[in-house]
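Data first, discussion second: the structure below is written as structure tokens.
The values are calculated or read from the model by the stated rules, or taken from the named source; none is laboratory data. Predicted model only: the values in this text are computed from it and were never measured. A quick note on method: Cβ atoms are made from the backbone with ideal geometry, for glycine too, and the neighbour counts reach across all protein chains shown. These accessible areas exclude ligands, DNA and RNA; they are computed on the full protein's heavy atoms, side chains included. Shrake-Rupley method; radii C 1.70, N 1.55, O 1.52, S 1.80 Å.
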Amino acid sequence: MKRFLLTLQFLTKIPIKYNLGFDEEFYKGIVYFPLVGFVVGLIAYFVGLLSLNIFPALVTSVLIVLVEVLLTGGLHIDGLGDTFDALYSYRNKEKMLEIMKDSRLGTNSLLAIVFLVLLKVAFIHSFIVENMLWAVLFMPMVSRFAVMWILYKTESPREKGMGNVFIGKATITMIGTAMIYCIAIIFTLGKWVFLLNRFDFLGIIFTIAVVFVFVEIFKRHVYSKIDGITGDILGCTIELSEIFYIIFLYIFLFL
């Protein structure tokens, strides 16, 4: 429980008024990444339910995206912006890593963030219109599960960095454990707790597989640019995984 709370504290802005102390094996909290995502998704889901009793679907979809950003402190979306500024600057490896550390917002960063937010709002709105708000419930969990793959057998091109705590530390056992409880959560909530409308268990499993394929391709692409993974890349992977999740889930369910 302590390690889960430490991981929740690290990855979100959810206030935890308890002195958790120091954990020398903090990296083992990687196994709880999807569970932290589930907490974020659960909050976003209930905010969406409440909002739909007051506001129209479009406003609700905007609020859901806003809640997710607030819960994470914009950490992952900042990583998305820094990654796009750096990787697509067409500079050498050293310059790309320098750009990632630059707090200024470039054109690539701005465009990536704007289109990411627009796509999230648009697809979440589409799910809400179809009375399928449950898609939001699992979105952060799937993305945190997918990012575990980019933490498996990878290295950081920097000697120091926030992401170095986790990079290369994921194990097959961690990924397998997370997969088991993710599937259990999806099945249990989908079939018995919320009695979700038009719930499609196989659709979500298929979508998770697609997201993992994307993460593997993205990992190889990043390595071709900077020979490693950084904290910004982790945040970017989470954001892009969420986009791939909602796009391919929509394709599977409606096309």
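Data for the structure
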{"item": "Failed condition for residue 175, given (1) free of Cβ contacts under 8 Å to residues at least 40 places away in the same chain; (2) farther than 15 Å from residue 211 by Cβ", "result": "(2)"}
{"item": "Set 242, 216: member being more than 21 Å from residue 154 (Cα to Cα), among the charged types (D, E, K, R) and in contact (Cβ under 8 Å) with a residue 60 or more places away in the chain", "result": "242"}
{"item": "In the range 104-115, the residues that are hydroxyl-bearing (Ser, Thr, Tyr) and open to solvent by less than 50 Å² (accessible area, probe 1.4 Å)", "result": "109"}
{"item": "The range 122-178: number of residues that are crowded, with 18+ Cβ neighbours inside 10 Å, within 30 Å of residue 51 (Cα to Cα) and under 18 Å from the mean Cα position of the chain (by Cα)", "result": "17"}
{"item": "Search result, residues across the range 121-180 that are among the small types (Gly, Ala, Ser), part of a helix (DSSP H, G or I) and at pLDDT below 95", "result": "135, 163"}
{"item": "Any hit, the range 223-230, residues being part of a helix (DSSP H, G or I) and of a type in the set (Lys, Arg)", "result": "yes"}
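Matching residues to (1) within 19 Å of residue 34 (Cα to Cα); (2) open to solvent by 30 Å² or more (accessible area, probe 1.4 Å):
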{"site": "180", "(1), (2)": "yes, yes"}
{"site": "186", "(1), (2)": "yes, no"}
{"site": "189", "(1), (2)": "yes, no"}
{"site": "201", "(1), (2)": "yes, yes"}
{"site": "205", "(1), (2)": "yes, yes"}
{"site": "230", "(1), (2)": "no, no"}
{"site": "235", "(1), (2)": "yes, no"}
{"site": "252", "(1), (2)": "no, yes"}
